[in-house]
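Report on the structure given below.
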Amino acid sequence: MSHNRRRVLGAALALPATLAAANLLAAAPAVAAGGVEAQPWTDLVLEPGVAAQTGATPQVRLITIAGTVFLQARGSVTCNLVGDTKIATLPTGLRPTALVRATAPRNNSQGINACRFEVNTAGSLTVYGGNGGNPITWVQFDSVQTIWR
């Protein structure tokens, strides 16, 4: 009888993986303590030269999950940003208590396809990363989700 090392190693690794999978399948789903509370979507106030894409009005809302508040954004804008530019203002009730940063998809230019999305305590939403040789022509907010307070 020959001993194939791969077969022995495969059998040794398969048993713990099988047991772990069985435990995961039998486990009850986790429930967030305190539940989930989502506020309604609110339109961003866009700066001149920044326009909402048709059917994708830029909006934000706050979601609370187990006592932690998150900012969630959606929508898209068209623009021509050749520098770090304020593109919108958040409504007064949605201002952060500290500087908040996230990453948002943008037009793919010169291999760069993301930009920094930043909101300060005054509610100014600024997009960073555009320049004269690599302007930002659109920004999509659907992937922006960040801890708020």
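The values are calculated or read from the model by the stated rules, or taken from the named source; none is laboratory data. Here the structure is a predicted model, which is why all the values come from computation and not from measurement. Neighbour counts are summed over all protein chains in view; Cβ atoms, including those assigned to glycine, are modelled from backbone coordinates with ideal geometry.
Conditions tested, residue by residue: (1) at pLDDT below 95; (2) under 17 Å from the mean Cα position of the chain (by Cα); (3) closer than 18 Å to ALA122 by Cβ.
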position	(1), (2), (3)
GLN53	no, no, no
ALA66	yes, no, no
ALA88	no, no, yes
ARG95	yes, no, yes
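Of the candidates VAL69, VAL36, the single residue that is closer than 18 Å to TRP148 by Cβ, without any contact (Cβ under 8 Å) to a residue 40 or more places away in the chain and aliphatic (A, V, I, L, M) is VAL36.
Only one of these is surrounded by 15 or more Cβ atoms within 10 Å (Cβ to Cβ) and either closer than 13 Å to VAL50 by Cβ or of a type in the set (S, T, N, Q) (or both): ASN80, ASN107, ASN131. Name it. That would be ASN107, the only listed residue that is surrounded by 15 or more Cβ atoms within 10 Å (Cβ to Cβ) and either closer than 13 Å to VAL50 by Cβ or of a type in the set (S, T, N, Q) (or both). Filtering segment 44-52 for residues that are assigned to a strand (DSSP E or B) and either aromatic (Phe, Trp, Tyr) or buried (at least 16 other Cβ atoms within 10 Å of the Cβ) (or both) leaves a non-empty set. A count restricted to segment 72-99 and to residues that are out of contact with any Gly (no Cβ under 8 Å at 6 or more places or on another chain) and in contact (Cβ under 8 Å) with a residue 60 or more places away in the chain stands at 7. Step by step: first the residues of segment 110-125, then only those that are among the polar types (S, T, N, Q) and surrounded by 15 or more Cβ atoms within 10 Å (Cβ to Cβ), then the one that is nearest to LEU46 (Cα to Cα). Which residue is that? Looking at the filtered set, the residue picked out is SER124.
For segment 134-149, residues that are over 18 Å from ALA51 (Cβ atoms) and either polar (S, T, N, Q) or surrounded by 14 or more Cβ atoms within 10 Å (Cβ to Cβ) (or both) total 6.
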